[in-house]
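The block underneath contains the structure these notes are about, expressed in structure tokens.
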Amino acid sequence: MTDDRTSQPERFKNDDMYIPIPVGTTPVSCLALTGFEIDNVNHAATPEGLVTAPGEAGVKTEWDASSLDSAIDWLETHAAYLNKLTYKMVDIQDLMGGAAAGMAGGVGGQASPLGGFEWAGRLAAKHQGLYRDTEAGVQRLAQNLYDAAEALRQVKQNYETAEEQNRMSALDMQRVFGDVAGRGDGR
């Protein structure tokens, strides 16, 4: 049985807890955790920019010129969404201290955004590498979708040209058959 991850909440929140955390040697000196809120990493949702239009046919296995137009629109919509995501990803990088935050020694010799200890610097560097790879991958995917839409547009143009040529050929054949039939010579 598969779990429907779209029905799960996007975030978990609990304000009904109280956890004392000792910070000193005396029982009186402690911090208290009175609640928490975290993202639900198991939540799945389709971004609004990718939701199909009501009444759309869905997946087709047979194509004609009009359905090629809808496939081109689909490719371009998804490419535009991914392209827009790459510009919004900069917010993630900014929260991690900017483009130079993952470099050894941090920005201007400062500690990494995760702290000054050695492993925080290593983690920030790994995060920066992962960020760069993800950003490049999303940009490459968006460009590939744009390229696929352009290639499909070319296929559609070739299809329409071939259809027009076939239509003219069929009319020519009808005229020839009509001429032959009109003469009654059967040649």
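Taken together, the values in this text are just the output of simple stated rules run on the coordinates, not laboratory data. Note that the structure is a prediction, hence the values are computed from the model and not measured. When we count neighbours, we look across all protein chains shown, and the Cβ atoms used for this are built from the backbone with ideal geometry, even at glycine.
Key figures for this structure:
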read-out	value
Spin-label model distance (nm) - residue 170 vs residue 34, 7 Å beyond Cα toward Cβ	7.7 nm
Approximate spin-label separation residue 19-residue 83, in nm, with each point projected 7 Å along Cα-to-Cβ	4.6 nm
